[in-house]
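The structure appears below as structure tokens.
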Amino acid sequence: MSRMIITNAIKSKEFGAIINIKGWVRTRRGNKNVSFIAMNDGSCIHNIQVVVDNDKFGDEYLKPITTGACISVTGKLVESQGQGQSVEIHAEEIQIYGTADPETYPLQKKGHTLEFLREIAHLRPRTNTFGAIFRIRHQMAMAIHSFFNDKGFVYFHTPIITASDCEGAGQMFQVTTLNLYDLKKDESGSIDYSNDFFGNQASLTVSGQLEGELAAMSLGAIYTFGPTFRAENSNTPRHLSEFWMIEPEVAFNEIEENMQLAQDFIQYCIQWALDKCQDDIEFLCNMYDKELIERLKFVVNNEFQKLTYTEGVQILEAAVGNGHKFEFPVGWGTDLQSEHERYLVEQHFKKPVILTDYPKEIKSFYMKQNDDGRTVRAMDVLFPKIGEIIGGSQREEDLDKLKDRADEMGVPTKDIWWYLDTRRFGTAPHSGFGLGFERLLLFVTGMSNIRDVIPFPRTPKNAEF
Ligand code: 4AD
Ligand code: MG
């Protein structure tokens, strides 16, 4: 008999039908005569209840069916009398695939801390919480492709191994096959990379943007969606060393259109979550964050607040003047810390904020310079509870200005000759941004640590599993 997934079984109205389900035992309780087994197969947050007549199978046979065991049950679908469930299965046949020793299976009782579950990341998808999170993660990936596909964007695959540091922040993980136990250096102490695998120094990408720009300048509108890597020693609830980024890039878009695209994109994804992940989001709302659904709806229904960095700093300085204490100083020219971003979003405007026109010194070399000579056409989208969720900009399309900025910021232009070629041949205004996938998931799930929205988090001093 072919298997029915539990999400379909609990919606089925074919009472009396014989069906087969397979899954993992969440709990077994009961008495001398009857056992109730709650089973989950990952297809939805809900368990299905299996009712077992103990005499029919015998205690010895039923004994190994404990929390964590994997079983197959064939039986009759019956309308349930019990509270909180619509159907149950009256078992006729039970096959045990795998047992889980109660002495050693770590997911015995409910209420494990998220910290503990991180240590057993290989088993945590079997909990309600992580089942919900990873189903939502999947749905958000689908939403992203759907949004861009509907708009005619091309999904463009940028390389993971690269020789260029897009953000120029020196946070790259090196990729090498050189023998680290016997590293040859020349007289000046430099390593000769011509003997390395790629014949030059190579690293894992921090962003697909530079290659994405090349693609936009031929295909018109593209997006990337892939893993990116940062060897940034930030042990915070919002930073990963390996995270997924979505980077749209659009020829002829100026910053205003870029901002609109960012808002439409995020709102579309959140609406998708509200529509398609209802049960999972309700579960997370009840368990972790009572205001989650309200917050999601609010973001879908309200325009983001747009203002310049300069205006943002003025608001923050006024807050300091009124006695608000920040850990880090505020002042024009300094990069905003998460606490500053969250003040603007949560305390001042009480809605998502798009900050534009940052000082050029604190942004990357490729951003379009404003006529004031001090600021660039950058835009950061700031979200409640998260801070920065998107970073983007209009790009500098003028070859000389771009080269000057690269020189000033110490970006070696000889290595990015191919990038500069887009400005040499048929240059045009264009814009794009990067959305941190896990930051979006933090917002959508209401979780507070980024380690809990990616299956196997990589952070400083941790690459287990
Ligand atoms: O602001 P960032 O560094 O911008 C770029 O990489 C640009 N090349 C994007 C573009 O214009 N195409 O990173 C973009 C976003 C951030 O806003 C944040 O959401 C996320 O990526 N991000 C991280 N997420 C998790 N862990 C980290 N260490 C992250 N660093 C950035
Ligand atoms: Mg940024």
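Residue count for the stretch 85-98 under the criterion of being without any contact (Cβ under 8 Å) to a residue 60 or more places away in the chain and open to solvent by less than 90 Å² (accessible area, probe 1.4 Å): the result is 6.
Tell me, which helices (runs of 4 or more DSSP H) lie completely within the stretch 309-418 with 2 or more residues that are within 16 Å of ligand 1 (Cβ to nearest atom) and more than 28 Å from GLU438 (Cα to Cα)?
Filter on the stretch 309-418 gives 399-408.
When the criteria are applied in full, GLY426 meets the requirement of being under 30 Å from ALA406 (Cα atoms) and away from ligand 2 (no atom under 16 Å from the Cβ). Among the residues of the stretch 170-188, those that are assigned to a loop (DSSP other than H, G, I, E, B) and at pLDDT below 90 comprise GLY170, LYS184, ASP186, GLU187. The residues on offer are SER43, SER72, and the sole one that is closer than 23 Å to ALA132 by Cα, small (Gly, Ala, Ser) and open to solvent by 20 Å² or more (accessible area, probe 1.4 Å) is SER43.
Output the residues belonging to the stretch 323-338 that are of a type in the set (S, T, N, Q) and closer than 11 Å to TYR309 by Cα.
THR334
For first residues located in the stretch 365-386 and free of Cβ contacts under 8 Å to residues at least 12 places away in the same chain, partners that are more than 13 Å from ligand 2 (Cβ to nearest atom) and lie 6+ apart or on another chain with Cβ distances below 9 Å form the pairs ASP372/ASP357; GLY373/LYS360.
Return yes when GLN267 is of a type in the set (S, T, N, Q), under 20 Å from the mean Cα position of the chain (by Cα) and assigned to a helix (DSSP H, G or I) and no when it is not. So GLN267 passes the test. Between ARG238, ARG230, the distinction of being touching a Phe, Trp or Tyr at 6+ places or on another chain (Cβ under 9 Å), among the charged types (D, E, K, R) and touching a residue at least 40 places away in the same chain (Cβ under 8 Å) belongs to ARG230 only.
For the stretch 233-242, the tally of residues that are within 6 Å of ligand 1 (Cβ to nearest atom) and either more than 19 Å from GLY434 (Cα to Cα) or open to solvent by 30 Å² or more (accessible area, probe 1.4 Å) (or both) stands at 1.
The values are calculated or read from the model by the stated rules, or taken from the named source; none is laboratory data. All values reported here derive from a predicted model rather than from experimental measurement. For neighbour counting, all protein chains shown are included, and Cβ atoms are generated from backbone atoms with ideal geometry for every residue, glycine included. With ligands, DNA and RNA removed, areas are computed over all heavy atoms of the protein, side chains included. Shrake-Rupley method; radii C 1.70, N 1.55, O 1.52, S 1.80 Å.
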